[in-house]
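Taking it in order: structure first as structure tokens, then the write-up.
Throughout, read-outs are computed from the coordinates displayed, never taken from laboratory work. Here the structure is a predicted model, which means the values were calculated and not measured. With ideal geometry, Cβ positions are generated from the backbone for all residues, glycine too; neighbour counts draw on all protein chains shown.
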């Protein structure tokens, strides 16, 4: 479905990604692991077309999308729930969901506001409230909901549960499991290794802008040295 | 103080206010969404006046002048956006100011080449040239009342567009986080061209409406664009509601200040000094008001708060 092959990306003159290569297959949940500043977010932004890439190619659904404008990449079926959520503060919850909604790829059973509310019941009671007046957890749900409303083939979820309470994390993870049961493909960044091991199919460990390890949950779970060295989780 | 004069100046202030709104609406949207400082927005007002006056003089129909001049100027605005302004979005504000100042010079020269040097004057259409009796024995110009009514209707229309439609949601979302709107699948360039065309149309309409009062002159855009910038700063960049309220307040302050500041000042200082100081101070009043607003609300009355 998504195949990133050897891309280099820069912030200004500073190279951030070095020959980055990752792959996501249909229905998979794939995670990017690694410490802060190692290039996880840049990888996602590069896939989305928000960071220019040099060298390397990105294929999505058998089309090359390297350096397409971001809105066309989005229309091809990639949707971003970004780090920091970036809810539109001056739009209410429903407006946030429908402003950018579309079904360009004509999925047969598209997302609706009601389905998003069924997935995240907490949002329904906040329907008419401005995006900057809801809690961080609700904003995270809204950010995921807003991305789903574009009916993506692949959801890019950057920092799925950052800064949320354990209870809210649990709610987010259970919603992601529901998405997985619906065969929604997801590329996921988070620091909560325990949940990622449970939910993720495959994992990439990223260090200084390239992949240093890849494997499935069982392999990652059994390699404590790897976890300690690159992810810093005890 | 006479009630009749007060009410008449109040209406003049509202009329100036809705005129300012028609200019400020486009300005605040382009500044809010694309972060573009477009000094040449006033040129579209001027072109509206010239095209409107010309078509009115040729055909004798003011309605036809409105119906034709507004889309013609909106088209010129869109061509300017696609060919020139688009290259400026990523540049610093100073570059934008310089480039759009260049556009002002270009359009001012252009109208001097195409139209007579002294500009055009057109009468108020006959069916609108009468006056309307109001309380306190006031006879107020029907044409000016028509401008007020048109401005208020357009303000309501813009407010509905921005608050009730998908396009309006995208405009508001774009004003707060352009990249996110883009990343979620909106062709932001197309959106901006649409918004720019809409803003230009409103500005041109203001020009057509003002031609019978002010005539059409090279350079008429600059006088009003400065005040329109004051309006969008007071109202909060990107906010239509803010622009409308700020435009009315600014129009009223300007109009009432010019008429009554001497009387008010005379309450505090000797009448001679008041009469000497009032004209100078009244022309500064809106800037003083802007400074006051910015002191208490740096993002304007309805501006987005910095995160």
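Structure notes:
- Per residue of peptide A:96-104, the mean number of Cβ atoms on other chains within 10 Å of the residue Cβ is 4.
- Whole-number percent relative contact order across chain B, with pairs defined as alpha carbons under 8 Å at least 6 apart: 35 percent
- For the range A:1-106, Kirkwood radius (reciprocal of mean inverse C-alpha pair distance, Å): 15.0 Å
- Rounded D (µm²/s) - the range A:1-51, Kirkwood Rh over Cα pairs, Stokes-Einstein at 25 °C, 0.890 mPa s: 212 µm²/s
- Considering only alpha-carbon pairs that sit under 8 angstrom and 6 or more positions apart, the relative contact order computed for chain A is 28 percent.
- Look at the alpha carbon pairs under 8 Å that are at least 6 residues apart: their mean separation over the length of the range A:1-129 gives a relative contact order of 21 percent.
- For chain B, the 222 nm mean residue ellipticity estimated from helices alone, with every DSSP H stretch of n ≥ 4 adding -39500 (n - 2.57) and the total spread over all residues, rounds to -26000 deg cm²/dmol.
- Seen from a random direction on average, the alpha-carbon convex hull of the range A:63-148 projects onto 6.0 square nanometres.
- Quarter of Cα convex hull surface for the range B:237-307, i.e. mean projection, nm²: 5.2 nm²
- Per-peptide average of other Cβ atoms within 10 Å, ordering B:191-203, A:121-133 highest first: B:191-203, A:121-133
- Fluctuation leader among B:135, B:125, B:116 - chain B, Gaussian network, Cα springs under 10 angstrom: B:135
- Per-selection Kirkwood Rh - chain A (Cα, Å, 1 d.p.): 18.0 Å
- Cα long-axis angle, helix A:136-148 against chain A (0 to 90 degrees, to the nearest 10): 80 degrees
- Cα-Cα P(r), the protein assembly as shown, percent of pairs per 10 Å interval: 4, 16, 22, 20, 15, 11, 7, 4, 1, 0
- Shielding of A:69-75 by partner chains, average beta-carbon count, 10 Å: 5
- Summary of the geometry: the range B:208-250 and the range B:1-80, compared by the centres of their Cα atoms, lie 8 Å apart.
- Shown here are the Rg and Dmax of the Cα trace of the range A:150-212, at 12.3, 34 Å.
- For the range B:87-131 versus the range A:162-234, the spacing of their alpha-carbon centroids is 59 Å.
- As a ratio to 2.2 N^0.38 Å, the alpha-carbon radius of gyration for the range B:177-283 is 1.51.
- Semi-axis lengths, Å, the range B:1-144, gyration tensor of Cα atoms, sqrt of 5 times eigenvalues: 33, 21, 13
- Over chain A, DSSP H runs of length four or greater, each weighted -39,500 (n - 2.57), average out per residue to a 222 nm ellipticity of -9000 deg cm²/dmol.
- Prolate/oblate/rounded label for the range B:27-112 (Cα gyration tensor, a/c 1.5): prolate
- Cα coordinate range in the range B:7-296, projected on the principal axes (Å, largest first): 61, 51, 37
- Its convex hull of Cα atoms gives the range B:151-204 a direction-averaged projected area, equal to a quarter of the hull surface, of 3.8 nm².
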